[in-house]
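Read the structure below first, then the notes.
Here, each number is a calculation from the coordinates, and none is a lab measurement. Quick caveat: nothing in here was measured; it's all calculated off a predicted structure. We place every Cβ from the backbone using ideal geometry, glycine too, and count neighbours over all the protein chains shown.
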Amino acid sequence: MRISTAIGLETNGLIFDAKSDWKMDMNELDYRVETQIIHSGYDRKTCWVQTRGGVIPPNQAVITTQKLRISGSDIFYGINTLHSEDFGQTWTTPQPQPGLMRRRNPDGTEDCPCDGTPAWHAQSGKLLLTGHLAQYRDDNLVHGLRPRSTYFSVYDAKTRLFSDWQTLALPSDDPAFFNSGAGCVQRFDLPDGDILLPIYFLPPDDTTGCYRVSVMRCGFDGGTLVFKERGPDVICPEPRGFCEPSLTWFGGRYFLTLRNDVRGYVAVGEDGQRFEAPKPWMFDDGVEIGNYNTQQHWVTHRDGLFLVYTRRGANNDHVFRHRAPLFMARVDPERLCLIRSSERVVVPERGARLGNFGICTASPEETWVVVSEWMQTTGPDNYDCTKCERYGSNNALFVSRLRWNTLNGTM
């Protein structure tokens, strides 16, 4: 099933296939967007969320997703996967992953792997999934001071199974030891195979409730993720601090995008672990982009850097925290701002939020934006999923394929 963003109706064609009306100064970098619904439908009790994708060269693809209990706050269940053997043209239905289910602790709580992102690790030839653990008691989220860890799992392309999730061991004297995780992040793999993995954490003696961000350097041998070192803390005094960081490299520098309750931030650094002071995300006309309390992620092309994000001011006041549609705009890497004229919708708004999404570099010619409609809504009744349905949402799983076109070739 495919839909049209222009008119909000289902069609037999592509969602939209238009070229942007702006051009690069040095070489023409353009793209068209082909958005497909690969699965839809839900039971109004649970819905698929935290949907992200990874590609195993040359043609296999995997999407991870998990059920959310609609009548609760962040109540997640074990991870399922959809599979493609033809580079995303056709997909299976969601299949449970036995190694990515909840686990019961001796004290009666349960740990659940969530907020995961699968990505290809070229050095080892493995698809590596990383995320963090949520903890539940009596099927409700444990609030207050609780342990939280980064988990990892490795995919076996022959069996279509992920390995049993393991936790990344941090030094016991590290302030990030007790409550940290790589939830909803983008990592960056170095040429030698080491991984720069952003996390957000709360030191055990912190009284502000403001999370901090840091980038870990980890080793990965194809089976085990090992902590090596952690960079300095990136701190924000505004409510809840920084969380859900995403990292990329472009033009000889590293770029870090950061979620905050008040506004999104961006920081730049030379080595991927140390960054200059973060600054709010702005358009090139000096106006804040309007993103708040929602993650943003990078689309990185050889010839240009882009950001995918949500924002206010798009006739989307009916959407929880304005988390739809998903926009994409080109980044000015020197001024650290977005070029307003380049902004385009890459996944449409149909009443449900799209703020928890993933980016997958599928090939030199394609980048995928993968997301599902989260069927909770704005107050006062956040659990009335029919409010989303009135605008057309049906827990759709979207894959938006960005097909690159440049004057001087592809990535």
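One quarter of the convex hull surface, Cα atoms only: what value does that give for segment 152-256 in nm²?
Average projection, Cα convex hull of segment 152-256: 8.0 nm².
Using the basic label-point model (7 angstrom from Cα toward the beta carbon), what is the K228 to D74 distance in nanometres?
Roughly 3.0 nm, to one decimal.
Give me a comma-separated list of calculated 3J(HN,Hα) values for segment 258-272, in order, Karplus coefficients 6.51, -1.76, 1.60 applied at θ = phi - 60°, integers in Hz, x for any Gly or Pro.
Along segment 258-272, the couplings run 9, 7, 9, 4, 8, 6, x, 10, 9, 9, 10, x, 8, 10, x Hz.
How much of the DSSP beta bridge set in the chain is antiparallel, as a percent to the nearest 5? Please list the in-between numbers first.
On the way: 112 of 116 bridges.
So the antiparallel bridges amount to about 95 percent of the total.
Along Cα→Cβ, 7 Å out, is where each label goes; now give me the distance between the ones at D206 and T378 in nm to one decimal.
With each label point 7 Å from Cα toward Cβ, the separation is 3.0 nm.
Apply the Karplus parameterisation 6.51 cos²θ - 1.76 cosθ + 1.60, with θ equal to phi minus 60°, to every residue of segment 196-213 and state each ³J(HN,Hα) to the nearest whole Hz, in sequence, with x for glycine and proline.
Result, rounded to whole Hz: 8, 10, x, 9, 10, 8, 10, x, x, 9, 6, 10, 8, x, 9, 5, 10, 10.
Go ahead and run the numbers for FRET between E334 and R274, Cβ-Cβ distance against an R0 of 22 Å, rounding to 0.05.
0.70
Using just the Cα positions, wrap segment 224-341 in a convex hull and report its mean projected area in square nanometres, one decimal place.
Averaged projected area of segment 224-341's Cα convex hull equals 8.7 nm².
How much FRET efficiency would the formula 1/(1 + (r/R0)^6) give for D284 and R146, where r is the Cβ-Cβ distance and R0 is 41 Å, rounded to 0.05?
After rounding to 0.05, the efficiency reads 0.45.
Go through segment 245-290 and name the GluC sites (Glu not before Pro) that are in a DSSP coil and have 14 or fewer other Cβ atoms within 10 Å of their Cβ.
Working: sites: E270, E276, E288; in loops: E270, E276.
Sites meeting the loop and neighbour criteria: E270, E276.
Working out 0.36 nm times the residue gap between R403 and D30, then minus their Cα-Cα distance, what length gain in nm do you get to one decimal? Before the final figure, lay out each step's value.
Working: separation 373, 0.36 × 373 = 134.28 nm, distance 0.84 nm.
Once the chain is fully extended between R403 and D30, it gains 133.4 nm.
Out of residues 5 or more away from C236 or on other chains, whose amide H comes under 5 Å of its own, with H placed 1.01 Å from N in the peptide plane?
For C236, the qualifying residues are F242.
For T90 and E238, calculate 0.36 nm times their separation in residues minus their Cα-Cα distance, and state this gained length in nm to one decimal.
On the way: separation 148, 0.36 × 148 = 53.28 nm, distance 4.41 nm.
Gain on stretching T90 to E238: 48.9 nm.
Treat segment 200-241 as a sphere of radius equal to its Kirkwood radius over Cα pairs and apply Stokes-Einstein at 25 °C in a medium of 0.890 mPa s; give the translational diffusion coefficient in µm²/s, rounded to a whole number. If you can, show how the numbers build up before the last one.
Values: Rh = 11.8 Å.
Rounded, D is 208 µm²/s.
Residue separation times 0.36 nm, minus the C-alpha to C-alpha distance between Q123 and E365: what's the value?
Full extension of this stretch gives 85.0 nm more.
Would you please name the trypsin sites (Lys or Arg not before Pro) within segment 311-411 that are DSSP coil residues with at most 15 other C-beta atoms within 10 Å of their C-beta?
In loop regions of segment 311-411 (DSSP not H, G, I, E or B), the sparsely surrounded trypsin sites (Lys or Arg not before Pro) are R312, R335, R390.
Report the local net charge at H132: Lys and Arg +1, Asp and Glu -1, summed over other residues whose C-beta lies under 11 Å from its C-beta.
Once all neighbours under 11 Å are counted, the net charge is -2.
Would you mind checking which residues have amide H under 5 Å from A362's amide H? H placed 1.01 Å from N; only 5 or more apart, or other chain.
Distant-sequence amide H within range of A362: T367, W368.
Per the Debye formula with a single identical scatterer at each Cα and no solvent contribution, what log10 I(q)/I(0) holds for segment 300-387 at q = 0.14, 0.15, 0.19, 0.26 Å⁻¹?
Values returned for q = 0.14, 0.15, 0.19, 0.26 Å⁻¹ are -0.55, -0.62, -0.88, -1.29.
Could you state the per residue volume, in Å³, of the convex hull enclosing the Cα atoms of segment 73-163? Don't skip to the answer; put the middle values down first.
Details: hull volume 10.9 nm³, N = 91.
Value for segment 73-163: 119 Å³ per residue.
In sequence order, what are the phi-derived ³J(HN,Hα) couplings for segment 379-389 according to the Karplus relation 6.51 cos²θ - 1.76 cosθ + 1.60 with θ = phi - 60°, rounded to whole Hz, with x for glycine and proline?
x, x, 9, 5, 9, 7, 5, 5, 5, 5, 4
Under a Cβ-Cβ cut-off of 10 Å, what is the net charge of the residues other than R350 that fall near it, where Lys and Arg count +1 and Asp and Glu count -1?
Once positives and negatives cancel, what remains is -2.
Under the rule of at least 5 residues apart or a separate chain, name every residue whose amide H is placed under 5 Å from the amide H of D261.
G241, N293
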